[in-house]
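Participant: Quick one: the structure is below, and I'll ask about it shortly.
The values are calculated or read from the model by the stated rules, or taken from the named source; none is laboratory data. Only a predicted model underlies this, so the values are computations on that prediction, with no experimental measurement involved. All Cβ positions, glycine included, derive from the backbone under ideal geometry; neighbour counts span all protein chains shown. Keep in mind that these areas ignore ligands, DNA and RNA; they rest on the heavy atoms of the full protein, side chains included. Shrake-Rupley method; radii C 1.70, N 1.55, O 1.52, S 1.80 Å.
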Amino acid sequence: MRTLLDLILPTDCAGCGAVGVGWCAECAATLARPPMRVRPRTDPGVPCWALGPYAGPARRAVLAVKERGRRDLAEPLGLALAAGLMRLRADARPLVLIPAPSRRAAARRRGGDPVVRTARAAAGWLPDCRVVPMLRVWWGVRDSVGLTVSERQHNMRGHVVAAPGAGAVSEIPGNAEVVLVDDVLTTGATARESVRALGRIRVPVCAVLVTCSA
Ligand SMILES: [Zn+2]
């Protein structure tokens with residue numbers, strides 16, 4: 001019963017374990033700094049930014065979302081993402097967020113794709129911003145846990161595809177700033193394949209913004 005209640009009403013901060021709030025102000029402050037420029041080993045070919053390093057409260061929050069299904073964190077992580085996007089946004093062009101793909105089986109296990117959910121929460125805070133999920137990972141791609149950098153690159157190469165649903169591309173205004181968003185940037189392999197897959201359908205990505213950079 002306790003476990004069931006915890007699922008419905010998380011009462012511990014996912015970052016520090018403080019009781020009574022899902023994501024406390026101190027942990028939120030760790031993601032409130034200006035986004036930092038990061039350079040993953042596999043260059044996605046566009047500027048990459050992170051709200052913070054993959055450490056401390058932010059890392060624990062990302063893991064809580066992935067491994068414990070903490071859906072409640074989409075709102076605070078989305079708000080942090082929105083603040084980062086406000087700082088990076090060059091001008092008043094429409095902003096389009098394209099979530100990096102996750103393996104569908106993994107997303108299902110987690111009860112929906114948490115990157116999409118966080119992106120939608122972020123878009124809710126920003127004027128003229130929309131989320132267009134259109135990237136998929138082909139079946140058969142192994143989970144990247146435990147793989148080396150080159151194995152990961154091989155694992156992902158050519159396996160990210162833009163699979164726009166009906167009209168997805170038409171949802172992207174011609175003058176839009178397109179930003180690829182993800183929870184964690186590690187080797188950069190997924191980001192690079194995502195940018196390439198979008199390039200193949202003539203959707204130019206301006207930047208990558210992630211919650212944490214490993
Ligand atoms: Zn906390």
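Participant: Restricting attention to the range 40-69, which residues are closer than 15 Å to C212 by Cβ and not in a helix (DSSP H, G or I)?
Facilitator: Matches in the range 40-69: P40, C48, W49, A50, L51, G52, P53, Y54, A55.
Participant: Under 7 Å by Cβ, and 6 or more places apart or on different chains, what pairs join a residue from the range 157-185 that is charged (D, E, K, R) with one that is modelled with pLDDT under 80?
Facilitator: Cβ pairs passing all conditions: E177/A90.
Participant: From the list L85, L77, exactly one residue is in a helix (DSSP H, G or I) and more than 25 Å from P173 (Cα to Cα). Which is it?
Facilitator: Among L85, L77, only L77 is in a helix (DSSP H, G or I) and more than 25 Å from P173 (Cα to Cα).
Participant: Would you mind finding the one in W139, W125 that is open to solvent by 60 Å² or more (accessible area, probe 1.4 Å), modelled with pLDDT under 90 and among the aromatic types (F, W, Y)?
Facilitator: Testing whether each residue is open to solvent by 60 Å² or more (accessible area, probe 1.4 Å), modelled with pLDDT under 90 and among the aromatic types (F, W, Y) leaves just W139.
Participant: Scan the range 54-82 for residues that are modelled with pLDDT of 95 or more and over 14 Å from the mean Cα position of the chain (by Cα) and jot them down.
Facilitator: Those that are modelled with pLDDT of 95 or more and over 14 Å from the mean Cα position of the chain (by Cα): A55, G56, P57, R60.
Participant: Residues of the range 54-100 being open to solvent by 50 Å² or more (accessible area, probe 1.4 Å) and in contact with a helix residue (DSSP H, G or I) (Cβ under 8 Å, 6 or more places away or on another chain), which ones?
Facilitator: Y54, K66, R71, E75, L79
Participant: Still on this structure, please answer the following. Which of the residues belonging to the range 18-46 are under 14 Å from A61 (Cα atoms) and either more than 16 Å from the ligand (Cβ to nearest atom) or not aromatic (F, W, Y) (or both)?
Facilitator: Selection gives A18, V21, G22, C24, A25, E26, C27, A28, A29, T30, L31.
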